[in-house]
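The values are calculated or read from the model by the stated rules, or taken from the named source; none is laboratory data. Computed from a predicted structure; not experimentally measured. Note that we place each Cβ from the backbone using ideal geometry, even for glycine, and neighbour counts take in every protein chain shown.
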Amino acid sequence: MAISRRVLPGLAAVSACLGAGAVLAQEDNPFTYSNASGGSVTFYGQFSPSYLHFDDGEKSYDEAADNNNSNTRLGFDLDQELSNGLNLRFKVETALGVPSTADLDQSGDQVWDWERTDLRKFEMIMSGAFGAVSLGQGSMASDGSAQTDLSKTAIAGYVNRPDLIGGYSLRDSDGNRSDISWSQVLGDFDGGRRNRIRYDSPDFSGFSFAIAYGEEILKKDDDAEYYDIGAYYKHTYGVFDMAAGAGYGWKDGDGGTDEMYAASFSILHTPTGLNGTIAGGGEDGGGSYGYIKLGWIGDLMPVGYTAFSADYYSGNDFHSDGSDSESWGLQAVQYFEDINLEAYLAFSEYSFDEDGGSYKDASSTLFGVRWKF
């Protein structure tokens, strides 16, 4: 089974037809315009600049970069109501090619350069009482299964550590750069985005499931086929908000079939703001991990909520059998409601040990803002 690489140009033609001849009127949302036939277009985006201080145990580095925990992006949704309760949406979303925290390394050679891998979503979605079918570049069924988090501090730190420091190399005990990067010894096995066909079920009392098949068409030299399933839950029980996700994926490539899994659960006690998150996952024949975060959300200032959290990550068998990966962190976020902006500060430490190798611990300090519109 194969999804044609002509799907993306085809979807572009569909979107042009949907928008042809439409006379749009501005809605209350200054970024939304609608027409008389029930169609609308909404523009959205976010800017996520940050400053990262990274100490690899031998030297320290200071870089201004886009926070890859939730990167800068722009997009639009083109919606059209159809008959029989159906809705057709065309969605485009892209990052801007800004140097990312995930790509920083000791060389400091990062430049602003948009590449096709910065295209996040380019998809058509048909939805109705049956659920939704999506075609094109977008989230696989298990994308987000490891990252359920109600702490409101995920922008500052969450389960996927490589988004922040993954490009940096570990230093060996002599202070030399090794050929191992932090992205190789930390990870969350969450599903990604690919050119795929995906089905999402309707919501059943907070439960939903998804299934997808896809291919990687934006990166070179990846001819594998990807399959995955995901199950999700989101509900409020009295004073408790709960959310959960679980996913399982298969990758069929020239080297055989790789399997990975991940799950997460988060709970928030709304009267007190106390919250907790757990996650875990692994790869068949590869590494595995567990993760926990505890946090608090409150109103310390009239401008918006304040959130604090502490988290801990523990991994095993990454890079080599018997290895141990660890990371802990502290996060703080202040929200400014009037301008829809979050300011944050975070500190994390990282360590890795394996037989036959000794490596220095590392640490990072991050501060930045995220503004959404």
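For region 243-258, state whether one or more residues are over 21 Å from the mean Cα position of the chain (by Cα), under 15 Å from Trp296 (Cα atoms) and not aromatic (Phe, Trp, Tyr).
no
Please go through (1) closer than 30 Å to Gly131 by Cα; (2) among the hydroxyl-bearing types (Ser, Thr, Tyr); (3) at pLDDT 95 or above; (4) surrounded by fewer than 18 Cβ atoms within 10 Å (Cβ to Cβ) for Tyr61 and return the number of the only condition it doesn't satisfy.
The one condition Tyr61 does not meet is (1).
Restricting to region 196-223, give me the number of residues that are over 22 Å from Gly131 (Cβ atoms), in contact with an Asp or Glu (Cβ under 7 Å, 6 or more places away or on another chain) and buried (at least 17 other Cβ atoms within 10 Å of the Cβ).
Of the residues in region 196-223, 2 are over 22 Å from Gly131 (Cβ atoms), in contact with an Asp or Glu (Cβ under 7 Å, 6 or more places away or on another chain) and buried (at least 17 other Cβ atoms within 10 Å of the Cβ).
Quick check on my filter: what residues within region 244-261 are within 24 Å of Leu274 (Cα to Cα) and touching a Gly at 6+ places or on another chain (Cβ under 9 Å)?
Gly245, Ala246 - these are the residues of region 244-261 that are within 24 Å of Leu274 (Cα to Cα) and touching a Gly at 6+ places or on another chain (Cβ under 9 Å).
Inside region 94-149, can you point out the residues that are in a strand (DSSP E or B), out of contact with any Gly (no Cβ under 7 Å at 6 or more places or on another chain) and among the aromatic types (Phe, Trp, Tyr)?
Across region 94-149, there are no qualifying residues.
Which numbered condition in (1) of a type outside the set (S, T, N, Q); (2) surrounded by fewer than 18 Cβ atoms within 10 Å (Cβ to Cβ); (3) out of contact with any Ser or Thr (no Cβ under 6 Å at 6 or more places or on another chain); (4) modelled with pLDDT of 95 or more is the only one that Ala95 fails?
Going through (1) of a type outside the set (S, T, N, Q); (2) surrounded by fewer than 18 Cβ atoms within 10 Å (Cβ to Cβ); (3) out of contact with any Ser or Thr (no Cβ under 6 Å at 6 or more places or on another chain); (4) modelled with pLDDT of 95 or more one by one, Ala95 breaks only (2).
Determine whether Phe240 is among the aromatic types (Phe, Trp, Tyr), out of contact with any Pro (no Cβ under 9 Å at 6 or more places or on another chain), crowded, with 16+ Cβ neighbours inside 10 Å and modelled with pLDDT of 95 or more.
Details: among the aromatic types (Phe, Trp, Tyr): yes; out of contact with any Pro (no Cβ under 9 Å at 6 or more places or on another chain): yes; crowded, with 16+ Cβ neighbours inside 10 Å: no; modelled with pLDDT of 95 or more: yes.
No; evaluated as a whole, the condition is false for this residue.
If you check every pair at least six apart or on different chains, which have Cβ atoms under 6 Å apart with a residue in region 296-308 that is under 14 Å from His269 (Cα atoms) and modelled with pLDDT of 95 or more first and a residue that is of a type in the set (Val, Ile, Thr) and surrounded by 17 or more Cβ atoms within 10 Å (Cβ to Cβ) second?
Listed by first residue and then by second, the contacts come to Gly298/Thr306; Ala307/Thr153; Ala307/Ile297; Ala307/Val333.
Return the residues of region 350-373 that are under 21 Å from the mean Cα position of the chain (by Cα) and either surrounded by fewer than 23 Cβ atoms within 10 Å (Cβ to Cβ) or not polar (S, T, N, Q) (or both); say none if nothing qualifies.
Residues satisfying the conditions are Tyr350, Thr365, Leu366, Phe367, Gly368, Val369, Arg370, Trp371, Lys372, Phe373.
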